[in-house]
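Peer 1: Take a look at this one; I'll ask things after.
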Amino acid sequence: MSSPNPQLLRSLGKLARGLSALFWGLPAALLIGAETARAEWLKPLGFLPALAVNALLVYGLWQMGDFQKQERPWRHALDRAQLLALVILGLSPFIYWHNKLPEQIFFADAVLVLELAGVMFLFNLNLVLKRLGAMLPDETLRSETRQFTAFNCWLLVGLLFFAILLAALLQLPHPSPHVGRILIWVNRASSLLLIFFILLPLAMTMALIWKTKEVILDAVFGARN
């Protein structure tokens, strides 16, 4: 039996660590960001909690960078996700500053760009998982990754179109009664819309990350036995 490639095992180990960081960092970034934006108990810590959890996402993607550097589609998808993660990291202090000075339009615009970057990051992260699943020798994972990442991407694209439509309706100087009823309905259904467009793709992305990590760990420990 041939001995396993030490370099491949190292890259697989770093890949698993990176996926673990993403698995815990994604929900933490959402929760800490929401609490920083509205709660009082995080104010003594300033923007450090939001900065820390978003740095965890950057670290996770950086750990994944040593795997299959010669695969161009994989590298391009990973580079885009890393760039968006750095944008989110740079903009994360604005959540705290906007909480302290909500009347500042610049801070509000920065938070809006941050939210847009977050949706784009989740979209590109699904593309990263799709490229990664295509390189791993597990047909079940490959099939599930193709199906669920496509579903997640369509949900996130739907979210962007819905947000653009809503922003256009809010800019109308004299909205009609029909438009007013639509805005009232959106306000009442905001929790359900959040679950469908954000929490659902986030949960499915985390499930794919976890399953991909388990496949990699099986490959690493199986190669060492």
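Peer 1: Within the set of pairs 6+ apart or on separate chains, which have a first residue in the range 149-176 that is under 17 Å from Val128 (Cβ atoms) and modelled with pLDDT of 70 or more, a second that is hydrophobic (A, V, I, L, M, F, W, C) and exposed (fewer than 12 other Cβ atoms within 10 Å of the Cβ), and C-beta atoms under 6 Å apart?
Peer 2: none
Peer 1: Would you mind stating whether Phe121 is under 12 Å from the mean Cα position of the chain (by Cα) and among the hydrophobic types (A, V, I, L, M, F, W, C)?
Peer 2: yes
Peer 1: Pick from the range 69-81 the residues that are surrounded by fewer than 20 Cβ atoms within 10 Å (Cβ to Cβ) and touching a helix residue (DSSP H, G or I) at 6+ places or on another chain (Cβ under 7 Å): which of them is farthest from Leu127 (Cα to Cα)?
Peer 2: Lys69
Peer 1: With (1) closer than 30 Å to Arg38 by Cα; (2) not in a helix (DSSP H, G or I) as the list, and Leu155 as the residue in question, which single condition is left unmet?
Peer 2: Failing condition for Leu155: (2).
Peer 1: Checking the condition of a type outside the set (Phe, Trp, Tyr) and at positive phi, which residue from Gln82, Gln63, Gln68 passes?
Peer 2: Gln68
Peer 1: In this structure, does Phe197 turn out to be modelled with pLDDT under 85 and either within 26 Å of Gln70 (Cβ to Cβ) or aromatic (Phe, Trp, Tyr) (or both)?
Peer 2: It is true that Phe197 is modelled with pLDDT under 85 and either within 26 Å of Gln70 (Cβ to Cβ) or aromatic (Phe, Trp, Tyr) (or both).
Peer 1: Within the range 126-152, restricting attention to residues that are crowded, with 22+ Cβ neighbours inside 10 Å and in contact with a Gly (Cβ under 9 Å, 6 or more places away or on another chain), which residue is nearest to Lys14 (Cα to Cα)?
Peer 2: Ranking the candidates gives Thr145 first.
Peer 1: Kindly evaluate Ile95 against the criterion of being crowded, with 20+ Cβ neighbours inside 10 Å and over 25 Å from Lys213 (Cβ atoms).
Peer 2: yes
Peer 1: Test Leu112 against the criterion of being surrounded by 15 or more Cβ atoms within 10 Å (Cβ to Cβ), of a type in the set (A, V, I, L, M, F, W, C) and without any contact (Cβ under 8 Å) to a residue 12 or more places away in the chain, and give yes or no.
Peer 2: For Leu112, the condition - surrounded by 15 or more Cβ atoms within 10 Å (Cβ to Cβ), of a type in the set (A, V, I, L, M, F, W, C) and without any contact (Cβ under 8 Å) to a residue 12 or more places away in the chain - is met.
Peer 1: Tell me the residue from Ile88, Ile32 that is farther than 23 Å from Ile164 by Cα, of a type in the set (Val, Ile, Thr) and surrounded by 15 or more Cβ atoms within 10 Å (Cβ to Cβ), please.
Peer 2: That would be Ile32, the only listed residue that is farther than 23 Å from Ile164 by Cα, of a type in the set (Val, Ile, Thr) and surrounded by 15 or more Cβ atoms within 10 Å (Cβ to Cβ).
Peer 1: At pLDDT below 90 and more than 25 Å from Ala163 (Cβ to Cβ): is that true of Glu115 in this structure?
Peer 2: Considered against the rule, which asks whether it is at pLDDT below 90 and more than 25 Å from Ala163 (Cβ to Cβ), Glu115 comes out as no.
Peer 1: Need pairs with beta-carbon distance below 8 Å; first residue over 20 Å from Leu9 (Cβ atoms) and in contact (Cβ under 8 Å) with a residue 24 or more places away in the chain and within the range 54-75, second assigned to a helix (DSSP H, G or I) and basic (Lys, Arg); sequence gap 6+ or separate chains.
Peer 2: Qualifying pairs under 8 Å: Pro73/Arg131.
The values are calculated or read from the model by the stated rules, or taken from the named source; none is laboratory data. Being a predicted model, the structure only gives us computed values, none of them experimental. Glycine also receives a Cβ, built like all others from the backbone with ideal geometry; neighbour counts cover every protein chain displayed.
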